[in-house]
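Below is one structure, written out as structure tokens, with a few remarks after it.
None of the figures in this text is laboratory data; all of them are computed from the coordinates on show. These figures come from a predicted structure and were not determined experimentally. Using ideal geometry, Cβ is built from the backbone for each residue, glycine included, and neighbour counts are taken over all protein chains shown.
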Amino acid sequence: MHTSFTALSVNLNKVALVRNTRHLGIPGVTRAATLCLQAGASGITVHPRPDARHIRGSDVLELAELMQQWPDREFNVEGNPLHNLMDLAADLVARNLPLHQLTFVPDGEGQLTSDHGWSFPQDDAVLRPLIAQSRAWGVRVSLFMDAQADAMAGAKSVGADRVELYTEPYAAAWGTDGAQVQLERFAQAARAATEAGLGLNAGHDLNLDNLGAFVRAVPGVREVSIGHALIGDALERGYADAVKAYLVCLRP
């Protein structure tokens, strides 16, 4: 999907989390994806953890099959490449199914949610061959990173195409005097990423209140991945209205 503003990728983990509390298959993950794409979302994101607490391997396959019907949208699968991520990616590639982006996240197996990015040079040796494999498959790689300007050159040096800035510190400061300080910090990191030749994504705790200010202040954000808040809003507004409300925030 070609847009003149930041792309919105909808993370469907929380839809799967609710579904997994029963054995009825509802709410449907592929149905949620379809409704979000119909409403104008630029892509779908999932983060399948090893314990399958929400998104399962079967969901990844079914969503990739669905994305064949949406050739102008993107499928982003995120997770720790030292856990189950690379096996899932290899399966999609072997089946010649859509997989546009892998987002590498350094989370632990039992971690509640992602809460920090990769570090350089400490993670160089681990990441370099995994990124090389992903790019050999023709898949773009984004590294989940803290907003540290001096770390962006390291992300580029190991072969990443993009970074996804971890936005929870900004979201936590929203509505306080510290919000502007965080915006300036993220803007510095964004400029450093661009100067290093990296594309720029962002995500974590972005919502209808704080999203617009973020994309206006932080230059060059190509994509935001939003799950928890958007699915929460969708419970009240429906998928379509929720997606459209987030798209309004992203317009320049």
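Evaluation of Phe214 against the conditions (1) surrounded by fewer than 24 Cβ atoms within 10 Å (Cβ to Cβ); (2) assigned to a helix (DSSP H, G or I); (3) not hydroxyl-bearing (Ser, Thr, Tyr) shows that the sole unmet condition is (1). Among the residues making up the range 11-47, those that are at negative phi, in contact (Cβ under 8 Å) with a residue 40 or more places away in the chain and in contact with a Leu (Cβ under 6 Å, 6 or more places away or on another chain) are Ala32, Ala41, Ser42. Leu127 passes every criterion in (1) closer than 17 Å to Ser225 by Cβ; (2) among the aliphatic types (A, V, I, L, M); (3) buried (at least 21 other Cβ atoms within 10 Å of the Cβ) apart from (1). Would you mind stating whether Leu198 is hydrophobic (A, V, I, L, M, F, W, C) and either closer than 16 Å to Arg251 by Cβ or in contact with a Gly (Cβ under 7 Å, 6 or more places away or on another chain) (or both)? The answer is no for Leu198. Exactly one residue out of Gly203, Gly159, Gly138 is closer than 20 Å to Gly79 by Cβ and touching a residue at least 60 places away in the same chain (Cβ under 8 Å): that is Gly203.
On the given criteria, is Ala32 more than 24 Å from Gln133 (Cα to Cα), hydrophobic (A, V, I, L, M, F, W, C) and more than 14 Å from the chain's Cα centre (by Cα)?
Values: more than 24 Å from Gln133 (Cα to Cα): yes; hydrophobic (A, V, I, L, M, F, W, C): yes; more than 14 Å from the chain's Cα centre (by Cα): yes.
Judged against the criteria, Ala32 is a match.
Here's the yes/no breakdown for (1) among the small types (Gly, Ala, Ser); (2) farther than 26 Å from Tyr170 by Cβ; (3) out of contact with any Pro (no Cβ under 9 Å at 6 or more places or on another chain):
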| residue | (1), (2), (3) |
| --- | --- |
| Glu62 | no, yes, yes |
| Glu74 | no, no, no |
| Asn96 | no, yes, yes |
| Phe144 | no, no, no |
| Ala160 | yes, no, yes |
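One line per residue, one yes/no per condition, for (1) of a type in the set (Lys, Arg); (2) touching a Pro at 6+ places or on another chain (Cβ under 6 Å); (3) within 24 Å of Phe214 (Cα to Cα):
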{"residue": "Asp124", "(1), (2), (3)": "no, no, no"}
{"residue": "Ala136", "(1), (2), (3)": "no, no, no"}
{"residue": "Gln148", "(1), (2), (3)": "no, no, yes"}
{"residue": "Met152", "(1), (2), (3)": "no, no, yes"}
{"residue": "Tyr170", "(1), (2), (3)": "no, no, yes"}
{"residue": "Trp174", "(1), (2), (3)": "no, no, yes"}
{"residue": "Phe186", "(1), (2), (3)": "no, no, yes"}
{"residue": "Ala190", "(1), (2), (3)": "no, yes, yes"}
